[in-house]
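The structure appears right after this line, and notes come after that.
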Amino acid sequence: MNPYSTAYSDFEKYALRDRGQAPASPYNGATAMSSGVAMSSAFGMRSAVAMSSAVAMSSAFGMSSGVAMSSGVLAEMTSESSAAAWAMSSSATLREPAAARVSSAYGSCSEAAESPDRPLRVIHVGPSMFRGGAEQWLADLVRFLDRRRTQVLKAIVTVPHQVDPQMAATLGVPVEVGQREAVRQAARECDVLLCWGLALNEWLSDQRPPLCVFVAHGEGDWTTWLVENNNRVADHVVAVGESARQRACHILPTTVIWNGVDSARLGHTRSRQDVRESLGFQADDFVLGYVGRFSPEKRPQVLIEAVAGLPRAFKLLMVGWGSQRTALLEQANARIPGRYAFVTAWEYLGDYYQAMDAVCLVSDQEGFPLVTMEAMLCGRPLIVTAVGCVPEIIRDRINGVVVSGDPPSVSAAADLLRRHPDWARGLAEEGKRFADTHGHAVRMARDYERLLHRLWAEKHGPLNGAPCHHAV
């Protein structure tokens, strides 16, 4: 074989269902070493989150992160989470990105809104504020918007108990918990209501914000239903990929804007050798990696079975969290004892990406999974299923390997990468060039900024004075 030849329920619904099953202190996961003795320590972390009534709510979460190594001891270590400031940049070596294909819709808005009298005032509304892709998207967007032109005033979370105070603290704007009245008040206070994961027709059809933009983070039936149930409120939809636009966004004007990532999260503090040794991996092991939530639609259990079908030199590093963690640990201990490590980490992800020889994404559906751009920016070859934005950013055997998603297909791809290390390096280098052109959060923020100012100018004219309020 020539390795150079080119050969659902929605993820957001799964995410919320999965999070709803989480324990009250959702970050009590330990890293595991596959033999059994458990040691744990945890610290309580208090953080205040403002309720919509302006009363501050503090919630104590036990936060733990650690490493589980497959040599035998289930160990849990603690580390404080810090809110770091992050940053990024991406070569059109493959194809023009979807965001570029729709950029002509911006017209002359950038010139028209180059120097507004005041910034657009944006309020974000969503169902949750946990460690997930949609929340990370929001944090990166807030961080990289030009506040002279576009200012996020606050974020409203509508589902009680769906707030991680540490994630909220990283956002850089106030986070409120509230429902109908809080959202209606936000519609009166903002210029732009930016929302995802909620059907707002019932709450806002008689109290429309001046401008409302719905973000479609998925491509399945649930996202389609959400778009349909925002049709009396939303003026425009942003789809995170062309697949999401085609499958879920049929009744409202839609612009495709790819997600971007903040490369500061990808920094590393140790050498590859040190990290691998700390996890129990040898220099000549081939380590498959996973980064993300342990949830049904992402199918992390497939990777355990894939490694089980490979020689013992193939190992597995799982960096993640979620309700399936315990079941995955049990499966790994039964199927690949001594060949895996589980880690919980929110920052310095480069420590773990550099310890991997390939990064795997075998979901059955996605929107725009951040792990794809993160892995490419870290110079890791990808093994992926053709879901969500993957067909837009991955060319099979050019900057990644596309598989059907069953364990034998993942095993075959991993074996191919190990047997052809020069080709694997070429895939990684091509992926890094692509991600360095298209994958940075600063590009994403500029795309949103141009779109919001263009939509405002089309609907309301020049941006000046106080927010314009109206009810429809």
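The values are calculated or read from the model by the stated rules, or taken from the named source; none is laboratory data. Just so you know, these numbers come straight off a predicted model, no measurement behind them. Neighbour counts are summed over all protein chains in view; Cβ atoms, including those assigned to glycine, are modelled from backbone coordinates with ideal geometry.
Return yes when PHE368 is assigned by TED's automatic domain parsing to the domain that holds LEU310 and not in a helix (DSSP H, G or I) and no when it is not. Steps first, answer last, please.
On the way: assigned by TED's automatic domain parsing to the domain that holds LEU310: yes; not in a helix (DSSP H, G or I): yes.
Judged against the criteria, PHE368 is a match.
I want to confirm something. Restricting to the range 102-133 and keeping residues that are part of a helix (DSSP H, G or I) and in contact with a helix residue (DSSP H, G or I) (Cβ under 7 Å, 6 or more places away or on another chain), which single residue is modelled with the lowest pLDDT?
So the first thing to find is which residues in the range 102-133 are part of a helix (DSSP H, G or I), and the list is 103-106, 109-112, 133.
Filter once more, so that each one left must be in contact with a helix residue (DSSP H, G or I) (Cβ under 7 Å, 6 or more places away or on another chain): 106, 109-110, 112, 133.
Numbers: TYR106: 35, CYS109: 40, SER110: 42, ALA112: 42, GLY133: 90.
Among those that are part of a helix (DSSP H, G or I) and in contact with a helix residue (DSSP H, G or I) (Cβ under 7 Å, 6 or more places away or on another chain), it is TYR106.
For the range 139-162, which residues satisfy the criterion of being buried (at least 23 other Cβ atoms within 10 Å of the Cβ) and closer than 17 Å to LEU198 by Cα?
Hits for the range 139-162 are ALA155, ILE156, VAL157.
Within the range 399-440, how many residues turn out to be touching a Leu at 6+ places or on another chain (Cβ under 7 Å), over 16 Å from VAL362 (Cα atoms) and not charged (D, E, K, R)?
Going through the range 399-440 one residue at a time, the tally reaches 6.
This table checks each residue for (1) in a loop (DSSP other than H, G, I, E, B); (2) surrounded by fewer than 22 Cβ atoms within 10 Å (Cβ to Cβ); (3) outside the structural domain of HIS268 (by TED's automatic domain parsing).
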| residue | (1), (2), (3) |
| --- | --- |
| GLU374 | no, no, no |
| ALA414 | no, no, no |
| LEU427 | no, no, no |
| ARG446 | no, yes, yes |
| TRP456 | no, no, yes |
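Name every residue in the range 233-284 that is more than 16 Å from the chain's Cα centre (by Cα), within 27 Å of VAL125 (Cα to Cα) and of a type outside the set (A, V, I, L, M), in order of residue number.
Our first condition is that a residue be more than 16 Å from the chain's Cα centre (by Cα); within the range 233-284, this holds for 233-237, 242-243, 245-256, 267-284.
Pick out the ones that are also within 27 Å of VAL125 (Cα to Cα) and you get 233-237, 242-243, 245-256.
The answer is ASP235, HIS236, GLU242, SER243, ARG245, GLN246, ARG247, CYS249, HIS250, PRO253, THR254, THR255.
Please verify whether ASP357 is in the same structural domain as PRO391 (by TED's automatic domain parsing), more than 23 Å from ASP140 (Cα to Cα), of a type in the set (Asp, Glu) and surrounded by 21 or more Cβ atoms within 10 Å (Cβ to Cβ), treating the condition exactly as stated. Outline the logic, then answer.
Working: in the same structural domain as PRO391 (by TED's automatic domain parsing): yes; more than 23 Å from ASP140 (Cα to Cα): yes; of a type in the set (Asp, Glu): yes; surrounded by 21 or more Cβ atoms within 10 Å (Cβ to Cβ): yes.
So ASP357 fits the description; yes.
I'd like the full set of residues that are of a type in the set (D, E, K, R) and over 22 Å from ASP284 (Cβ atoms), limited to the range 355-402. Steps first, please.
Restricting attention to the range 355-402, the residues satisfying the condition of being of a type in the set (D, E, K, R) are 357, 364, 366, 374, 380, 392, 395-397.
Scanning the range 355-402 gives ASP364, GLU366, GLU374, GLU392, ARG395, ASP396, ARG397.
Among GLY260, GLY280, which is modelled with pLDDT of 95 or more, surrounded by fewer than 23 Cβ atoms within 10 Å (Cβ to Cβ) and within 29 Å of MET356 (Cβ to Cβ)? If you could, list the steps in order and put the result at the bottom.
Numbers: GLY260 fails: surrounded by fewer than 23 Cβ atoms within 10 Å (Cβ to Cβ).
Within the list GLY260, GLY280, the selection yields GLY280.
Residues being among the small types (Gly, Ala, Ser) and closer than 19 Å to SER411 by Cα: count how many of those fall in the range 318-343. Working first, answer last.
If we filter the range 318-343 for residues that are among the small types (Gly, Ala, Ser), which is where we start, we get 320, 322-323, 327, 332, 334, 338, 341.
Retained after the next criterion (residues that are closer than 19 Å to SER411 by Cα): 332, 334, 338, 341.
Within the range 318-343, residues that are among the small types (Gly, Ala, Ser) and closer than 19 Å to SER411 by Cα number 4.
For the range 172-229, which residues satisfy the criterion of being crowded, with 19+ Cβ neighbours inside 10 Å, farther than 30 Å from ASP364 by Cβ and within 20 Å of the chain's Cα centre (by Cα)?
VAL175
Table: residues versus (1) over 30 Å from GLY461 (Cα atoms); (2) modelled with pLDDT under 95; (3) assigned to a strand (DSSP E or B); (4) in the same structural domain as ILE257 (by TED's automatic domain parsing).
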{"site": "VAL152", "(1), (2), (3), (4)": "no, no, yes, yes"}
{"site": "ALA182", "(1), (2), (3), (4)": "no, no, no, yes"}
{"site": "ALA186", "(1), (2), (3), (4)": "no, no, no, yes"}
{"site": "PRO209", "(1), (2), (3), (4)": "no, no, no, yes"}
{"site": "VAL213", "(1), (2), (3), (4)": "no, no, yes, yes"}
{"site": "TRP225", "(1), (2), (3), (4)": "yes, no, no, yes"}
{"site": "ASN230", "(1), (2), (3), (4)": "no, no, no, yes"}
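Collect the residues in the range 412-441 that are more than 24 Å from LEU303 (Cα to Cα) and of a type in the set (Gly, Ala, Ser), keeping them in residue-number order.
Hits for the range 412-441 are ALA435, GLY439, ALA441.
When the range 250-302 is examined, which residues are found to be in a helix (DSSP H, G or I) and under 23 Å from PHE314 (Cβ atoms)?
Our first condition is that a residue be in a helix (DSSP H, G or I); within the range 250-302, this holds for 263-266, 272-278, 296-298, 301-302.
Answer for the range 250-302, where residues must be in a helix (DSSP H, G or I) and under 23 Å from PHE314 (Cβ atoms): ARG272, GLN273, ASP274, VAL275, ARG276, GLU277, SER278, LYS298, GLN301, VAL302.
With among the basic types (Lys, Arg) and under 23 Å from the mean Cα position of the chain (by Cα) as the only criterion, which of ARG418, ARG433, ARG425 stands out? Before the answer, list the steps.
Values: ARG418 fails: under 23 Å from the mean Cα position of the chain (by Cα); ARG425 fails: under 23 Å from the mean Cα position of the chain (by Cα).
So the residue among ARG418, ARG433, ARG425 that is among the basic types (Lys, Arg) and under 23 Å from the mean Cα position of the chain (by Cα) is ARG433.
Of the numbered conditions (1) in contact with a helix residue (DSSP H, G or I) (Cβ under 8 Å, 6 or more places away or on another chain); (2) in a loop (DSSP other than H, G, I, E, B); (3) under 20 Å from GLU449 (Cβ atoms), VAL159 satisfies every one except a single condition; which is it?
Exception for VAL159: condition (3).
Given the criteria charged (D, E, K, R) and surrounded by fewer than 18 Cβ atoms within 10 Å (Cβ to Cβ), does ASP422 qualify? I'd like the intermediate steps shown before the answer.
Values: charged (D, E, K, R): yes; surrounded by fewer than 18 Cβ atoms within 10 Å (Cβ to Cβ): yes.
Considered against the rule, which asks whether it is charged (D, E, K, R) and surrounded by fewer than 18 Cβ atoms within 10 Å (Cβ to Cβ), ASP422 comes out as yes.
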